[in-house]
């Protein structure tokens, strides 16, 4: 039997999965440590498994798994929130490790009922949760000690970055993360989103922190937000260009529109909240404050 699998990813796909809520508990089957054919559902889960040196145990990935490059050579079982259980099971996995919110729900129910070990990894949209996410993946695949080492290193990097940025603190730039344009409205990231967490880690201020999650903004809301910078994800089917963004009168009239301040970054790198978060935030900080030394 063959299966048609969707393209690697879109901007909305990445942002949607990276804003999923945390699940209350991590249930790990005792035999999961012996798994040699792991299905990784979620780009950050895949990235962490590779960072732990266990990438050779991955049998297939979802379409948001774009890093490292070797991951894109694995069979693709579809977008993490639109998984086909038949496609997953056709890979004959002995363990499925999924970011919380993988779906749809009926597909996940089928996978859980299949007898294949299934572990859901909590994915709260906070940088402080990254070390525990790494630990959870390590426990799921039976490399707890390696995961603790990586988690400890990443936690130290996050603290050091926060301290360096705080030491160079000045006026914060207001950043509007624009996911897409829909019917002439900006789909923006508010509080409780990965974009918000990364903007704050990079020393910026979310221009629309009064909203929660991803929501379309009225022209009045954009004008009130008065962003200094517009931040978007590069690539994907819904990639937003500077020309498209600043063609909107409300954005064109903003400080960002007047100065042409527009930043693009890879979606998984920027929003993954994984082992590369400190690197991504450092990059974003340099783009936000090019006049200052890098933190």
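The values are calculated or read from the model by the stated rules, or taken from the named source; none is laboratory data. Quantities reported herein were computed from a predicted structural model and do not represent experimental measurements. FYI the Cβ positions are ideal-geometry reconstructions off the backbone, even for glycines, and counts take in every protein chain you see.
When residue 194 is tested against (1) more than 18 Å from residue 270 (Cβ to Cβ); (2) touching a residue at least 12 places away in the same chain (Cβ under 8 Å); (3) assigned by TED's automatic domain parsing to the domain that holds residue 266, just one condition goes unmet, and that condition is (1). Please work out if residue 111 is within 17 Å of the chain's Cα centre (by Cα), assigned to a helix (DSSP H, G or I) and modelled with pLDDT of 95 or more. Considered against the rule, which asks whether it is within 17 Å of the chain's Cα centre (by Cα), assigned to a helix (DSSP H, G or I) and modelled with pLDDT of 95 or more, residue 111 comes out as no. Name, by its number, the condition in (1) touching a strand residue (DSSP E or B) at 6+ places or on another chain (Cβ under 6 Å); (2) in contact (Cβ under 8 Å) with a residue 60 or more places away in the chain that does not hold for residue 272. Result: residue 272 fails condition (1) only. Of the residues making up the stretch 147-180, those that are surrounded by fewer than 18 Cβ atoms within 10 Å (Cβ to Cβ) and under 27 Å from residue 257 (Cβ atoms) are 168, 169, 170, 171, 172. Checking 98, 129 one by one, the residue that is assigned by TED's automatic domain parsing to the domain that holds residue 81, part of a strand (DSSP E or B) and under 29 Å from residue 190 (Cβ atoms) is 98 and no other. Exactly one residue among 195, 226, 293 is at pLDDT 95 or above and farther than 26 Å from residue 64 by Cα, and that residue is 226.
When the stretch 72-99 is filtered for residues that are crowded, with 23+ Cβ neighbours inside 10 Å and over 22 Å from residue 132 (Cα atoms), the ones remaining, listed by number, are 77, 79, 83, 88, 93. Residue 203 - would you say it is under 25 Å from residue 121 (Cα atoms), outside the structural domain of residue 128 (by TED's automatic domain parsing) and surrounded by 19 or more Cβ atoms within 10 Å (Cβ to Cβ)? So residue 203 does not fit the description; no. In the set (1) out of contact with any helix residue (DSSP H, G or I) (no Cβ under 7 Å at 6 or more places or on another chain); (2) within 16 Å of residue 264 (Cα to Cα), residue 181 fails one condition alone, (1).
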